[in-house]
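The block underneath contains the structure these notes are about, expressed in structure tokens.
Read-outs: derived from the displayed coordinates by stated rules, not from any lab. Only a predicted model underlies this, so the values are computations on that prediction, with no experimental measurement involved. No Cβ is skipped: glycine too gets one built from the backbone with ideal geometry, and neighbour counts run over all protein chains shown.
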């Protein structure tokens, strides 16, 4: 995921008890009764899906498939050979899984290559700093940039001390409040530094916990502002330099980054379908993104989301189910650079928006599932609320507000209902965009449960007599 | 700390409700009454110590001193310039703190230097592996060792598959059970591998949690067994290779280690005293070790322990207290190589064992304190149990069995009562011997509380009319 607002939202939601109570929906009592009856009719099929995914022969399948995939391919940054290999791998795997209309839809994605990078504190004593350059950053000259450091804890402090910043490396030691709030230091840190004459920026990783672990991610240069090299440092080193600076100690760093931005590269959104039996032109999208950052394995972000989405189609096929509408798996590319593949997909397919029933994306982990986040009208919410009751056997019946997902945002902004899975993300930002995003954080039992939730929602919505109201 | 057994012990203790109930001590009721009365007389002075350390002008002092020390010096492996600088720094700081008999007692310590090191998985695909060579390991040839991997999950499996191991790099993917139990893979892994013809060993870090973080530590070559290079890899990479091997995939690694064992180096135990007013020849030792591994800052292991020990003497001086017996601060050197400095200290001072009242060491973190671990006779335990009641104002009154500490073990084995601080160590092995051992894991409030516990125990035992019975 790139820029979620889920953590700040979750904090709000815990306080506000977000709900989808159907009696508040404005839906007519008679229609509600009919919908309740129709949805209740899926109780057995929902139970079959749950049984197969959680206790049956498909148990642990999404985990095992994901492990084989990420162990074989590795991480998958846009423009890389790994991502090309990943797409080829999935193209074959989806065909072998008997899915229909398996296709690759061409898109262009940014092609940024990290290169060799290092940061060494030269004064007051020599110390290597663990860094990860930020996506899209320019590199340094080959000999690096050696400059004195100014440490600030906020953009406001940088403004106040603007005169001191000229010619220096800005170190941001902002506290972690929430990902949604704090990530602005990663995305804007370089340009805000450049505006006051800084020569590079080093940003405390956007992480709620650290074992000296740097975290990467995208950043945005503002137009008309000089582009300066920018990287994340660890929480520990940011705090170290803040303490040193508070003692009046002069800090000098040599930063070397071999980062290069190449011309946009060819890539593909990977698509496969279960074709609808009655309204094949109407579509429910289930999705995750196949690209990742160039560290760790991209197992959590977003291997897990992509593979429970694939699992949904596999489970439906295993049970011989055939929904009335088409269920389309989309494995997005270029998500980490801002939903690049999904944006182009939307442009190509928006003419069919009238047939887009529901867009679903899983991109905030596949830990213990808590429920579904949903964006749509009160009427649609009332229906989704009923659908969630089908998940009572695994006690994941909660419907929250505000579906989240960079890739589905284009459709949701145009009025299409959207759904995302929400799970127990308390450790998500410990691993996010770091070398720690590996299979070790994934848990087969949680993935089974996520897959069950995802599949029941996708199948039932795709099979209801009517599309979700807008 | 080097080889604690505290975690396995703690598990036992929780079940067994270790206690120091004085009615089980075999101590005569009349004597017990007298001791209770004597110890109760320290209630006000204990309260003064607590107030000063936790709420008063000394609040956060041990934390601030530690931050300044580790930020200035960095980590401090035996034989390094950093350790020499650390000892010089403390020699001055203790004198400036008005302590008496500040002295450096010369000892010889091992001098192992890590050098450049790397491990690259070459097959089935290229991937850098995060490693930390183990203390005392030999290096590889300059071009490294390139060999196929055998992955095992235990020494038993290695024995069974001994024929396969010849010429290979052994990867140990043992599960983490407890530090005390699992650390044998780090300490014995190389020699056990060499016995079956392995050319190097890579051991899953002895850590209960990981963000792709390798952990170093000491290891022991067995005599008569060829010395092969040995390093720790991350939990994540060990699991990755175990999964690959289980799929029958051939793994090849190139391991390069520039490790060199130099001749033993000159070092010093750093000593300072508050001289006893009535029995100056009788001594209570409070201690921690000044050396650390060559990663992170050594703030937790054992900066915290060393600095609450120093704080004990400072607090006693601040309050104008003068115990009957001498309180001697010892900041050990060479602990991480097996209590090397402490062993030589014991040899030099064991002639005075009759005057050694109590040896105290803090070397399992300075997180939220839980109580004191104590080794001694039932009679001594009964007295210590009363002393702990003086800590009721901060609710840290528990006395546990089995004091722990490599450096004080020499005295305890010879019958001297020993005490160690025990704290909330659930995250200790997340950071232990890794780049994550920094000031970021330290908490000033917890250090205040630890210092209060440490000081009350040291002062009261040093001031009682009689030495602890043996």
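Partner shielding of A:61-73 amounts to 2, given as the average count of beta-carbon atoms from other chains within 10 Å of each residue beta-carbon. Peptides B:195-204, A:143-152 ranked from most to least packed give B:195-204, A:143-152, packing being the mean of other C-beta atoms within 10 angstrom over each peptide's residues. Here the peptides B:110-118, B:403-411 are ranked by packing, the mean other Cβ count within 10 Å, and the order with the highest first is B:403-411, B:110-118.
Relative to the longest principal axis of the Cα atoms of chain B, the long axis of helix B:340-349 makes an angle of roughly 40 degrees.
Hey, what angle do you get for helix A:61-73 against the long axis of chain A, alpha-carbon based, 0 to 90 degrees rounded to 10? Long axis of A:61-73 versus the principal axis of chain A: about 40 degrees.
Out of the DSSP beta bridges found with both residues in chain B, what percent are antiparallel (nearest 5)? Provide the component values of the computation, followed by the final result.
Working: 38 of 71 bridges.
Percent antiparallel among DSSP bridges in chain B is about 55.
Taking every residue in B:201-211 and counting other chain Cβ atoms within 10 Å of its Cβ, the average works out to 3.
Please report A:42, A:55 as a ranked list, fewest other C-beta atoms within 10 angstrom at the top and most at the bottom.
Details: A:42 20, A:55 11.
The most exposed by this proxy come first: A:55, A:42.
Roughly what % of DSSP beta bridges within segment A:342-459 run antiparallel, to the nearest 5? Display every interim value, and only then the final one.
Details: 6 of 13 bridges.
So the antiparallel bridges in segment A:342-459 amount to around 45 percent.
How shielded is B:436-442 by partner chains, expressed as the average number of their Cβ atoms within 10 Å of its Cβ atoms? All intermediate terms of the calculation are to be shown ahead of the outcome.
On the way: counts 7, 3, 9, 4, 11, 3, 0.
Across the residues of B:436-442, the mean count of other-chain Cβ atoms within 10 Å is 5.
For the pair segment B:120-141 / segment B:338-365, the C-alpha centres are spaced 37 Å from each other. Among A:191, B:277, a tally of other beta-carbon atoms within 10 Å of each Cβ gives an order, fewest to most, of B:277, A:191.
Counting pairwise Cα distances across segment B:389-452, what percent come out greater than 16 angstrom? Beyond 16 Å sits 62 percent of the P(r) for segment B:389-452.
May I ask you to derive the relative contact order of segment B:223-338, considering only C-alpha pairs under 8 Å and at least 6 residues apart, and to give it as an integer percent?
On the way: 134 pairs, mean separation 39.6, N = 116.
Answer for segment B:223-338 is 34 percent.
Think of the axis that spins chain B onto A; the B residue whose C-beta lies nearest it, and the distance in whole Å, is B:211, 2. The long axis of helix A:378-389 is offset from the longest Cα principal axis of chain A by roughly 80 degrees. Sequence gap at least 6, Cα distance under 8 Å: using those rules, report the relative contact order of chain A to the nearest whole percent. Dividing the mean separation by the residue count of chain A yields 24 percent.
Once you compute Rg and the Kirkwood Rh from C-alpha atoms, what is the Rg to Rh ratio for segment B:313-425? Walk me through the intermediate numbers first.
Working: Rg = 14.5 Å, Rh = 15.1 Å.
Rg/Rh for segment B:313-425 comes to 0.96.
Highest mean first, the peptides A:169-178, B:80-89 sorted by other C-beta atoms within 10 Å per residue fall in the order A:169-178, B:80-89. Of the beta bridges in the protein assembly as shown, as assigned by DSSP with both residues counted there, near 55 percent are antiparallel. From the square roots a ≥ b ≥ c of the eigenvalues of the alpha-carbon gyration tensor of segment B:31-74, which class results: rounded (a/c under 1.5), prolate (a/b over b/c), or oblate? The shape class here is oblate.
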